[in-house]
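One structure below.
The values are calculated or read from the model by the stated rules, or taken from the named source; none is laboratory data. Everything numeric here is computed off the predicted structure, so don't read it as measured data. With ideal geometry, Cβ positions are generated from the backbone for all residues, glycine too; neighbour counts draw on all protein chains shown. Note: accessible area is taken over every heavy atom of the protein model, side chains too, but ligands, DNA and RNA are not part of it. Shrake-Rupley method; radii C 1.70, N 1.55, O 1.52, S 1.80 Å.
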Amino acid sequence: MVKIATIAGSDASGGAGLEADLKTFEEYGLYGMAAVTLVATMDPEKNWAHGVFPVEEKTLKAQLETIFKGVGVVAAKSGMLGTFYAVELTRDYITAHQVKNYVLDPVMVCKGNDEALNPELNAAVAEKLLPLALVATPNLFEAGQLSGIKDITTIEQMKEAARIIFDKGAAHVFIKGGAKLPDAAKTLKALDLLYDGKTFDVLESPLVKTNWTHGAGCTTSAAIAAGLARGLSVSNAVVLAKKFISLSLAGSFALNQWVGPGNPSGWRKETLFT
Ligand code: PXL
């Protein structure tokens, strides 16, 4: 089995975070491991308000020892880190174990979360982790924060942001525009951008109409890492990840009145249980 790890938060509702990552790894036929950075919870009595409970530094470090020293991986991704020590430990382990296939998902806030942004933490992610990333996968909001172009609404601005984030050290920048760009609504295409320092590749796929997109960003970056683990080039891993997330969103569903995830097994035409 090819081994892969995620360093990410646990989403107790199961649609995002390391749960989304592990489900995705499974679909790619990989052996997935997870180092939990924090536990995110949602309060049904308070309109699904998020709570965030960081895991202690020594507990996180012990998990990273288990995974990177004790087992070893072909690829890794990181998601919501939540603390400065999680950023530093991620840097230390990705560096010490020379993980080349490292996908950095610079998660800043969860969907629907009104938690205050932490600019210092985001700056630490940019400074310490972007230079290690084979692929960084910001969404439009995160690309805006990382590049300083605060409100990205056009492909041209996406390109400019990608160039700035590339200059901060990521070897490839994949900006997940998805359905968010005004052009996406007009053209009925999910629009994403891949930049390798030379070429801008605007990737289009048919827009999947759904409100249930919880975990879509996590799933996409996990799928890219999984494709890399399976030996694909960055460009092929990104193209396959787009296909994977489209099929996942085509099978999306409501968990309750507030939230709904995609279905990472949506690509399977047949199930075991007919
Ligand atoms: O979708 C971003 C995200 C990432 N990681 C965790 C989350 C969320 C959103 O809810 O809970 C753990």
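Taking the criterion of being on the phi > 0 side of the Ramachandran plot, of a type outside the set (Ser, Thr, Tyr) and buried (at least 21 other Cβ atoms within 10 Å of the Cβ), would at least one residue in segment 107-124 satisfy it? No.
Criterion applied to LEU193, LEU228, LEU232, LEU240 was being closer than 30 Å to PRO131 by Cβ, of a type in the set (A, V, I, L, M, F, W, C) and assigned to a strand (DSSP E or B), and the one residue passing it is LEU193.
Name the residue, out of ALA179, ALA161, that is in contact (Cβ under 8 Å) with a residue 24 or more places away in the chain and either within 16 Å of the ligand (Cβ to nearest atom) or buried (at least 20 other Cβ atoms within 10 Å of the Cβ) (or both). Steps first, please.
Details: ALA161 fails: in contact (Cβ under 8 Å) with a residue 24 or more places away in the chain.
Among ALA179, ALA161, only ALA179 is in contact (Cβ under 8 Å) with a residue 24 or more places away in the chain and either within 16 Å of the ligand (Cβ to nearest atom) or buried (at least 20 other Cβ atoms within 10 Å of the Cβ) (or both).
Considering only residues that are in a helix (DSSP H, G or I) and surrounded by 13 or more Cβ atoms within 10 Å (Cβ to Cβ), which ones fall in segment 66-90?
From segment 66-90, those in a helix (DSSP H, G or I) are 66-69, 84-90; that's our starting set.
Scanning segment 66-90 gives THR66, ILE67, PHE68, PHE84, TYR85, ALA86, VAL87, GLU88, LEU89, THR90.
Which pairs turn up if I take residues in segment 59-84 that are under 16 Å from ASN118 (Cβ atoms) and look for partners that are open to solvent by 20 Å² or more (accessible area, probe 1.4 Å) and in a strand (DSSP E or B) with beta carbon separation below 6 Å, at least 6 apart in sequence or on another chain? Every condition considered, the pairs that remain are GLY82/PRO54; THR83/PRO54. Looking at segment 1-57, the strands (runs of 3 or more DSSP E) lying wholly inside it that each contain 3 or more residues that are free of Cβ contacts under 8 Å to residues at least 60 places away in the same chain and in contact with a strand residue (DSSP E or B) (Cβ under 6 Å, 6 or more places away or on another chain) sit at 31-43, 49-54.
Regarding GLY17, is this residue modelled with pLDDT of 95 or more, within 16 Å of the ligand (Cβ to nearest atom) and open to solvent by less than 50 Å² (accessible area, probe 1.4 Å)? Quick ask: steps written out before the conclusion?
Details: modelled with pLDDT of 95 or more: yes; within 16 Å of the ligand (Cβ to nearest atom): yes; open to solvent by less than 50 Å² (accessible area, probe 1.4 Å): yes.
In short, yes.
Please determine whether any residue of segment 236-245 is touching an Asp or Glu at 6+ places or on another chain (Cβ under 9 Å), closer than 11 Å to THR219 by Cα, touching a residue at least 40 places away in the same chain (Cβ under 8 Å) and not acidic (Asp, Glu). So far as segment 236-245 goes, yes, one or more of its residues are touching an Asp or Glu at 6+ places or on another chain (Cβ under 9 Å), closer than 11 Å to THR219 by Cα, touching a residue at least 40 places away in the same chain (Cβ under 8 Å) and not acidic (Asp, Glu). VAL234 fulfils the conditions (1) within 14 Å of GLY29 (Cα to Cα); (2) open to solvent by less than 20 Å² (accessible area, probe 1.4 Å); (3) among the hydrophobic types (A, V, I, L, M, F, W, C) except for a single criterion, (1). When you look at LEU255, is it in a helix (DSSP H, G or I) and either out of contact with any Asp or Glu (no Cβ under 7 Å at 6 or more places or on another chain) or surrounded by fewer than 21 Cβ atoms within 10 Å (Cβ to Cβ) (or both), yes or no? No; evaluated as a whole, the condition is false for this residue.
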